[in-house]
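*Asks:* One structure, as structure tokens, below. Some questions next.
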Amino acid sequence: MGKIKMGGSAVIEFEPDYCEFHITVSIQKDTSSEALSRGRQRVEEILQLLTEKAGLKIGDIILESERNDFSSYSDEKYYTYKKYFYFTYKADNKTTDTITHLLENVENTEYNLSFKFEDENEKEQLVIMKAVENSKSKAEQITNALGTKIIGFKEVVSEFNGQDYLLNDKNDIFCDSMSIFQSEKKSLASQISNPKIPISKSVDVIWLTE
């Protein structure tokens, strides 16, 4: 019985399952109370748009952080109020287009979008299996040249750092909200495809031969 240690690798691209839409409200004023007051007003305006126009439930909006900082540069002194919050929904650019349409006239507001997997662990396992197959294919080229064959394996070494992102019913919140724009022409932005996210893995396998 012999052994062959062979590395393998694989890359697979997956469609994202859901989006995280992050919103930042930033207000800069001369006094702390003014920055806080104007910032809270702006946040309330955005939350009303999301709940009344887009159909989002207030309980599905998650607060990330909030602060009111003092800054001083030369003779310029001011306070900056910032509030960060986000919500999730199934990856759909029609939904994203609707949300950005609602926010386009809201000042002092920034947003960014990130794509996530519901079952990243399962996807990583699929890629690892492909990497093992790649290792075996290369090892078989050697055994065929030597007139031997692979009969099993002794060890598989791989890094596995997946995380579970669990979706629940809150990701269906926009199912009935698109009616607010049904009378408008469908935008090209709402028809573009979501990005495919690559996952790459590598393994080292010790194959047993005879």
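Every read-out reported here was derived from the displayed coordinates using simple, explicitly stated rules and does not represent laboratory data. Since the model is a prediction, treat every value here as computed from it, not as a measurement. Cβ sites come from the backbone with ideal geometry, for glycine too, and all protein chains shown count toward neighbours.
*Asks:* For Asp69 and Arg40, calculate 0.36 nm times their separation in residues minus their Cα-Cα distance, and state this gained length in nm to one decimal.
*Replies:* 9.0 nm
*Asks:* Can you order the peptides 50-58, 107-115 by their average number of other Cβ atoms within 10 Å per residue, highest first?
*Replies:* The packing order, highest mean first, is 50-58, 107-115.
*Asks:* Would you kindly derive the ³J(HN,Hα) couplings of segment 68-81 from the backbone phi angles with the Karplus curve 6.51 cos²θ - 1.76 cosθ + 1.60 (θ = phi - 60°), listing them in order in whole Hz, with x for Gly and Pro?
*Replies:* For segment 68-81, the Karplus-derived couplings read 9, 9, 9, 10, 9, 10, 6, 8, 8, 10, 7, 10, 10, 8 Hz, x marking Gly and Pro.
*Asks:* Regarding segment 19-116, what are the three Cα extents along the principal axes, ordered largest first, in Å?
*Replies:* Largest first, segment 19-116 extends 47, 25, 23 Å along its Cα principal axes.
*Asks:* If you don't mind, there's one more thing I want to ask. I'm spelling it out carefully: the read-out is Cα Rg over 2.2 N^0.38 Å, the candidates are (1) 1.53; (2) 1.10; (3) 1.34, and one was derived from this structure. Which label?
*Replies:* So the calculated entry is the one marked (1).
*Asks:* Quick query: amide H of Ser202 versus all other amide H atoms, modeled in the peptide plane; which residues come in under 5 Å with a sequence gap of 5 or more or a different chain?
*Replies:* Amide H neighbours of Ser202: Glu159.
*Asks:* Related question: Please give the calculated 222 nm ellipticity per residue for the chain, where each DSSP H segment of at least 4 residues contributes -39500 (n - 2.57) and the sum is spread over every residue; nearest 500 deg cm²/dmol?
*Replies:* Value at 222 nm, helices only: -9000 deg cm²/dmol.
*Asks:* Residue farthest toward the positive end of the dipole of the chain, with Cβ of Lys/Arg at +1 and Asp/Glu at -1: which of Ala139, Leu63, Ser187?
*Replies:* Value computed over the given set: Ala139.
*Asks:* For Asn105 and Tyr78 in the same chain, what is the full-extension length gain: residue separation times 0.36 nm, less their Cα-Cα distance, in nm?
*Replies:* 7.2 nm
*Asks:* For Lys90 and Glu52, calculate 0.36 nm times their separation in residues minus their Cα-Cα distance, and state this gained length in nm to one decimal.
*Replies:* Details: separation 38, 0.36 × 38 = 13.68 nm, distance 1.96 nm.
Net length gain for the segment: 11.7 nm.
*Asks:* If you place +1 on the Cβ of every Lys and Arg and -1 on the Cβ of every Asp and Glu, how big does the dipole about the Cα centre of the chain come out, in debye to the nearest 20?
*Replies:* 620 debye
*Asks:* Can you tell me the FRET efficiency between Glu13 and Leu146 if r is taken as the Cβ-Cβ distance and R0 is 35 Å, rounded to the nearest 0.05? Let's see the in-between values first.
*Replies:* Working: r = 36 Å, r/R0 = 1.02.
Step by step, r from the Cβ atoms, then E = 0.45.
*Asks:* Report, in debye and to the nearest 20, how large the dipole of segment 19-116 comes out about its Cα centre when Lys and Arg carry +1 and Asp and Glu carry -1 on their Cβ.
*Replies:* Here the size comes out at about 260 debye.
*Asks:* Right, another one. By DSSP, what percent of the beta bridges with both residues in segment 1-153 are antiparallel, rounded to the nearest 5?
*Replies:* 100 percent
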